[in-house]
Structure formats: C-alpha cells, structure tokens
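Okay, so here's the structure we're looking at.
Coordinate-derived values only; no laboratory data. Note that the structure is predicted; figures quoted are calculated from it, not measured. Cβ placement follows ideal geometry from the backbone for every residue including glycine, while neighbour counts extend to all protein chains displayed.
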Amino acid sequence: MNLDEFERELVALIGRPTDLRPFVCEGSPLTCDVFLVGFNPATDMRTDFWEFWRPGYGYDKVAWFKRYLEERAAKPLKPGKTLRQKVSATRRHMECFVEGAAGVRVLETNIYAKASDDMKSLDLASREIAPFRFLLKTIKPKVIVVHGKPALQAIGKFGTSAIVIEADHHFSRQTSKDTARGYGAMAAKESEAAG
C-alpha cells in the first residue's frame, strides 16, 4: 500500500473532517516499525486530524504539537484547579519514549481514536476499534509497547504477530522520563532484532 491509498482508506474509515485522532507520527505512518499504544487520547482538540496530513509526506507532528500546545494553554481549567502543565504527563513520557527509540520510527496510537478526559468518560458509542485495527493490519508493526492494563487487554484480542511489551504503568502515572526512554530503547532493540 502506498501513502495515497492509505489516506483514501483512512478517510473512508474515519471521515474528513474528523474529531478522531487515530495516530500521531512524523512523516509516513507506513514506515513505523514500533507502535506505542494507550487506551484513547486524553487531550481533546478542536482541530481536525487531517489539518496535519501532508499528501506524499504523511503526518506533520511538529505542526500538530504546536497546535496541541496552543489548544492546551487556551483550555479553561477544571473546577478546583489553579494550574495546568504545558504538556500532559502522558505526552511528556511519549516524547521521551520516541527519543529513546532513536533510529526506529514510532507511531503513537490508541485502541480508541476518540479523545476523552479519562477512560470512564469515553462513551460506548465512541469505543470503535476499526481505526486501530486498520493501522495494525496495514502497517504490521514489529513491536508494540502498551501502557495501561485496559490497552494491554485489548491488544490480546487482536492476535498480532508483533512483539508486545507491557509498560509497568500507564505513561500518565508512576513513569519517569528515564523509564519511558528505556522502553523506547527496548522497543528499538527488539525491532532491529526482528529484522
């Protein structure tokens, strides 16, 4: 499959425009050997996923991240909160993971592509696995690193031939930057060993 075909099939699956965020990566998702998988995106964005898609190139993560920072800074605080981190703990650790996996391309994705503040607030109608199934089937990653028990349980149902590595904790909790980098390095090593 080439990038144009990938784009057409993903548009048919999630629509255009869309409020779903099926993945984030820099460049072509088709060359990503490692998937970093969570349950669902936690930061809801008003921006359409396709705004950052570049025909013939793939996803523009740099432009997406800039918008992520802008939208996060502009979002009202939740009741009782007086401060918001510029970057969420999960996103910070995901960036460290990608750093640790240097030399190997990483696709940041989730079982469910719809954002919600937490797992419990993701309504049943939004728990659609077709986008993730499409990515898994089309890209065929060599290694999948999963953070969070619900995501790990879901991965087991897909019957993938990829090497699955379970992070000790969800990347939002009890994970240090060094630990995230270590998981990235482990994923890169396993990916290279898998050929």
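What label, among [x] 45, 34, 30; [y] 77, 39, 30; [z] 50, 37, 31, belongs to Cα extents along the principal axes in Å computed from the structure on display?
Matching the structure shown: [z].
Simple spin-label model, 7 Å along Cα-to-Cβ: residue 149 to residue 44 in nm?
With each label placed 7 Å out from Cα toward Cβ, I get 2.7 nm.
Helix by helix, which DSSP H runs in the chain go 18 Å or more along their axis at the Cα atoms and have an average Kyte-Doolittle hydropathy of 0.0 or more?
Details: long enough: 61-74 (19 Å, -0.70); 177-193 (24 Å, -0.91).
Within the chain not a single helix satisfies the rule.
Ranked by Cβ crowding within 10 angstrom, fewest neighbours first, how are 96, 32 ordered? Don't skip to the end; give the middle numbers.
Details: 96 21, 32 24.
In order of increasing Cβ crowding within 10 Å: 96, 32.
For residue 2 and residue 85 in one chain, what is 0.36 nm times their gap in residues minus the Cα-Cα distance, to one decimal in nm? Intermediate values should be presented prior to the final figure.
Numbers: separation 83, 0.36 × 83 = 29.88 nm, distance 3.83 nm.
Between residue 2 and residue 85, full extension yields 26.1 nm more.
Helix-derived [θ] at 222 nm for the chain: sum -39500 (n - 2.57) over DSSP H runs of at least 4, divide by residue count, nearest 500? Please list the in-between numbers first.
Numbers: 6 runs with 72 residues, N = 195.
The helix-only estimate for the chain comes to -11500 deg cm²/dmol at 222 nm.
What nm value, rounded to one decimal, do you get for the distance between residue 168 and residue 137 when each label is placed 7 Å out toward the C-beta?
3.7
What does the extension gain come out to for residue 99 and residue 74, with contour length at 0.36 nm per residue minus their alpha carbon separation?
Numbers: separation 25, 0.36 × 25 = 9.00 nm, distance 2.73 nm.
The residue 99-residue 74 span can extend by a further 6.3 nm.
Assign unit charges at the C-beta atoms only (+1 for Lys and Arg, -1 for Asp and Glu), then state the dipole size of the chain relative to its Cα centre in Debye, rounded to the nearest 20.
Values: 30 positive and 25 negative charges, 114 e Å.
Roughly 540 debye for the chain.
Of 132, 191, 10, which is farthest on the positive side of the dipole of the chain, counting Cα position, with +1 on Lys and Arg Cβ, -1 on Asp and Glu Cβ, and the Cα centre as origin?
Highest projection toward the positive end goes to 132.
Determine the gain in length on full extension of the stretch residue 177-residue 66; use 0.36 nm per residue of separation and subtract their C-alpha separation, reporting nm with one decimal.
Working: separation 111, 0.36 × 111 = 39.96 nm, distance 2.09 nm.
Between residue 177 and residue 66, full extension yields an extra 37.9 nm.
Which aspartates and glutamates have a Cα lying under 20 Å from the Cα of residue 140, excluding residues fewer than 8 positions away in the same chain?
Within reach: 4, 5, 7, 9, 26, 33, 108, 128, 166, 190, 192.
Please list, by residue number, every one of the chymotrypsin sites (Phe, Trp or Tyr not before Pro) in region 11-112 that is coil in DSSP and has at most 12 other beta-carbon atoms within 10 Å.
Working: sites: 23, 35, 39, 49, 50, 52, 53, 57, 59, 64, 65, 68, 97, 112; in loops: 39, 57, 112.
Here the chymotrypsin sites (Phe, Trp or Tyr not before Pro) that fit, given the DSSP loop and packing criteria, are 57.
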